[in-house]
Amino acid sequence: MAHTKANPEHDMIRKSVKSLCERFPEEYWRETDDTDAYPTSFVQALTAEGWLSVLIPEEYGGAGLGMKEACIILEEINRSGGNAGACHAQMYTMGAVLRHGSEDQKQRYLPKIASGELRLQAFGITEPTAGSDTTSIETFAEKRGDRYVVHGQKIWTSRAEHSDLMLLLARTTPKDQVKKKTDGLSLFLLDMKEQAAKIDIRPIDAMINHATTEVFFEGAEIPVENLIGEEGKGFKYVLSGMNAERILIASESVGDGLYFIDKSVQYANERVVFNRPIGQNQGVQFPISKAYMNIQAAKLMRDKAAELFDEGINCGEEANMAKYLASEATWDAGNAAMDTYGGYGFAKEYNIERKFREARLFKVAPIANNLVVSFVGQHVLGLPRSY
């Protein structure tokens, strides 16, 4: 890859996002974490400045920028001590509408998503019995005249309580009636506010403040015009959005990693024990340096994946590797930060423990790192399928 030249537009985005984040200092994030609150004012500020609509084309009211720009935004939010998980889904879920939706759907939804009038934050895909085996989901959408009626359950559906719309994957043909197990799954835009009486959302009390829930569908109705693309082809549409998700998650992870490095370096230079700054000790210095090198390497892979994505080239390999490398390097950086801070790392007022918990998520979500390793083994290297 050619050496990256300074890009004034990217510098401007970085600077602008950084200054927005300064209005939401770490105390703000600590408070939302302590009270399990949704960072409404932060999401509103981000929406108002147009950062959540960067991937929506200008003709639909967005900024019409690329994946690279989206990556910078999320990376900066997390590097500032914030948590972009509160809103990142808006960036990639709308991609299904953009790539596979009808012109009518784009006109109806994208401008309102871009302006913030409608929130598309929820993605209903995972189920308790299926886990990562998406083709085994059981939530069923039965076609009745001009609508589909949905029964079933989703789990780990983040931000369902704070979203107007949900991108929903459901079976429209039973698994035992399809030739390929990936057939018979359809993708829908579900209006959750309109169908609130037929949807039961139950928050999950989790280790991190990710506004994640279980969702039960009790006859929720979706008009046929809200089917995205063709019936039965939803799995393919979801897959095409997963590369975007992996790249954006890698960016948040990189941001977390650089946060840990920034904080560790600052503390190791200031903290004096045995009449010397602790950063002078190789036992403190080396883990920070090693983590930093690995984060920078992961960042290059993220940049490569974003570049390919923007050029419309298949980047499954790079997107998965970026997510894996970033989450692993960042977890090492988190551990280095905890060691650097010692007991203070466990004190909430220093914010390290909150970030430590948040960074751990990306080793298992949105896909477990072992699945990335098996993907590389099978699809990149041509080894036999391991599961």
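Of everything in the range 41-55, what is in a helix (DSSP H, G or I), open to solvent by 50 Å² or more (accessible area, probe 1.4 Å) and free of Cβ contacts under 8 Å to residues at least 60 places away in the same chain? Give them in sequence order. If the condition is that a residue be in a helix (DSSP H, G or I), open to solvent by 50 Å² or more (accessible area, probe 1.4 Å) and free of Cβ contacts under 8 Å to residues at least 60 places away in the same chain, then S41 is the only one that fits.
From the residues in the range 327-341 that are of a type outside the set (A, V, I, L, M, F, W, C) and surrounded by fewer than 24 Cβ atoms within 10 Å (Cβ to Cβ), which one is nearest to the chain's Cα centre (by Cα)? Show your work before the answer.
Start the filter on the range 327-341 by keeping residues that are of a type outside the set (A, V, I, L, M, F, W, C), which leaves 327-328, 330, 332, 334-335, 339-341.
Adding the requirement that they be surrounded by fewer than 24 Cβ atoms within 10 Å (Cβ to Cβ) leaves 328, 332, 335, 339, 341.
Details: E328: 16, D332: 20, N335: 22, D339: 28, Y341: 28 Å.
Per the stated criteria, the residue is E328.
Entry remark, the range 132-167: residues being surrounded by 22 or more Cβ atoms within 10 Å (Cβ to Cβ) and either without any contact (Cβ under 8 Å) to a residue 40 or more places away in the chain or aromatic (F, W, Y) (or both) number 1 in total. Within the range 41-88, the only residue that satisfies the criterion of being under 16 Å from M12 (Cα atoms) and among the aromatic types (F, W, Y) is W51. Residues that are open to solvent by 20 Å² or more (accessible area, probe 1.4 Å), within 18 Å of E311 (Cβ to Cβ) and assigned to a loop (DSSP other than H, G, I, E, B) within the range 62-107 comprise G64, L65, listed in sequence order. Being open to solvent by less than 70 Å² (accessible area, probe 1.4 Å) and free of Cβ contacts under 8 Å to residues at least 24 places away in the same chain, is that true of even one residue in the range 304-311? Looking for residues that are open to solvent by less than 70 Å² (accessible area, probe 1.4 Å) and free of Cβ contacts under 8 Å to residues at least 24 places away in the same chain, one finds at least one in the range 304-311, hence yes. Going through (1) in contact with a helix residue (DSSP H, G or I) (Cβ under 6 Å, 6 or more places away or on another chain); (2) closer than 30 Å to E31 by Cβ one by one, D146 falls short only on (2).
Kindly provide the set of residues from the range 361-374 that are assigned to a helix (DSSP H, G or I) and either aromatic (F, W, Y) or under 21 Å from F123 (Cβ atoms) (or both), ordered by number. Selection gives L361, F362, K363, N369, L371, V372. Mind checking which residues of the range 204-220 are touching a helix residue (DSSP H, G or I) at 6+ places or on another chain (Cβ under 7 Å) and open to solvent by 40 Å² or more (accessible area, probe 1.4 Å)? If the condition is that a residue be touching a helix residue (DSSP H, G or I) at 6+ places or on another chain (Cβ under 7 Å) and open to solvent by 40 Å² or more (accessible area, probe 1.4 Å), then M207, E218 are the ones that fit. Residue-level analysis places L371 outside the set of residues that are within 20 Å of the chain's Cα centre (by Cα), crowded, with 21+ Cβ neighbours inside 10 Å and at pLDDT 95 or above. Among the residues of the range 231-281, those that are within 29 Å of V372 (Cβ to Cβ) and charged (D, E, K, R) comprise K233, K236, E245, R246, E252, D256, D262, K263.
Examine the range 195-213 for a residue that is under 23 Å from the mean Cα position of the chain (by Cα) and closer than 30 Å to E103 by Cα, and state whether such a residue exists. Give the steps one after another, and end with the answer.
First pass over the range 195-213, keeping only residues under 23 Å from the mean Cα position of the chain (by Cα): 201-213.
Next cut, closer than 30 Å to E103 by Cα only: none.
For the range 195-213, residues under 23 Å from the mean Cα position of the chain (by Cα) and closer than 30 Å to E103 by Cα: absent.
Could you say which residue among E161, E138, E142 is among the charged types (D, E, K, R), under 23 Å from the mean Cα position of the chain (by Cα) and at negative phi? Steps first, answer last, please.
Working: E138 fails: under 23 Å from the mean Cα position of the chain (by Cα); E142 fails: under 23 Å from the mean Cα position of the chain (by Cα).
Every option except E161 fails the conditions.
The residue list K181, K233 contains one member that is open to solvent by 70 Å² or more (accessible area, probe 1.4 Å), within 19 Å of T93 (Cβ to Cβ) and of a type in the set (K, R), which is K233. For the range 236-253, the candidate set comprises residues that are in contact with a Cys (Cβ under 8 Å, 6 or more places away or on another chain) and of a type outside the set (G, A, S); within that set, the residue that is surrounded by the most Cβ atoms within 10 Å (Cβ to Cβ) is I247. Any residue that is part of a helix (DSSP H, G or I), out of contact with any Lys or Arg (no Cβ under 9 Å at 6 or more places or on another chain), under 29 Å from M293 (Cα atoms) and of a type in the set (S, T, Y) - is there at least one of those in the range 255-269? Yes, there is a match, as at least one residue in the range 255-269 is part of a helix (DSSP H, G or I), out of contact with any Lys or Arg (no Cβ under 9 Å at 6 or more places or on another chain), under 29 Å from M293 (Cα atoms) and of a type in the set (S, T, Y). Please specify each residue of the range 354-387 satisfying the condition of being without any contact (Cβ under 8 Å) to a residue 40 or more places away in the chain and under 13 Å from S132 (Cβ atoms). Correct list: V364, N370, S374, Y387.
One residue stands out among those in the range 108-157 that are in a strand (DSSP E or B), touching a Phe, Trp or Tyr at 6+ places or on another chain (Cβ under 7 Å) and small (G, A, S): the one that is nearest to P223 (Cα to Cα), which is A141.
Output the number of residues of the range 56-103 satisfying the condition of being of a type in the set (A, V, I, L, M), in contact (Cβ under 8 Å) with a residue 60 or more places away in the chain and touching a helix residue (DSSP H, G or I) at 6+ places or on another chain (Cβ under 8 Å). Break it down into steps so the answer makes sense when it comes.
At the first step, the residues of the range 56-103 found to be of a type in the set (A, V, I, L, M) are 56, 63, 65, 67, 70, 72-74, 77, 84, 86, 89, 91, 94, 96-98.
Going one step further and asking which of them are in contact (Cβ under 8 Å) with a residue 60 or more places away in the chain, we end up with 67, 70, 72-74, 77, 84, 86, 89, 91, 96-97.
From what is left, the residues that are touching a helix residue (DSSP H, G or I) at 6+ places or on another chain (Cβ under 8 Å) are 67, 70, 72-74, 77, 84, 86, 91, 96-97.
Counting residues in the range 56-103 that are of a type in the set (A, V, I, L, M), in contact (Cβ under 8 Å) with a residue 60 or more places away in the chain and touching a helix residue (DSSP H, G or I) at 6+ places or on another chain (Cβ under 8 Å) gives 11.
The values are calculated or read from the model by the stated rules, or taken from the named source; none is laboratory data. Note that the structure is predicted; figures quoted are calculated from it, not measured. A quick note on method: Cβ atoms are made from the backbone with ideal geometry, for glycine too, and the neighbour counts reach across all protein chains shown. When the accessible area is computed, the model is the full protein with side chains, heavy atoms only, and any ligands, DNA or RNA have been set aside. Shrake-Rupley method; radii C 1.70, N 1.55, O 1.52, S 1.80 Å.
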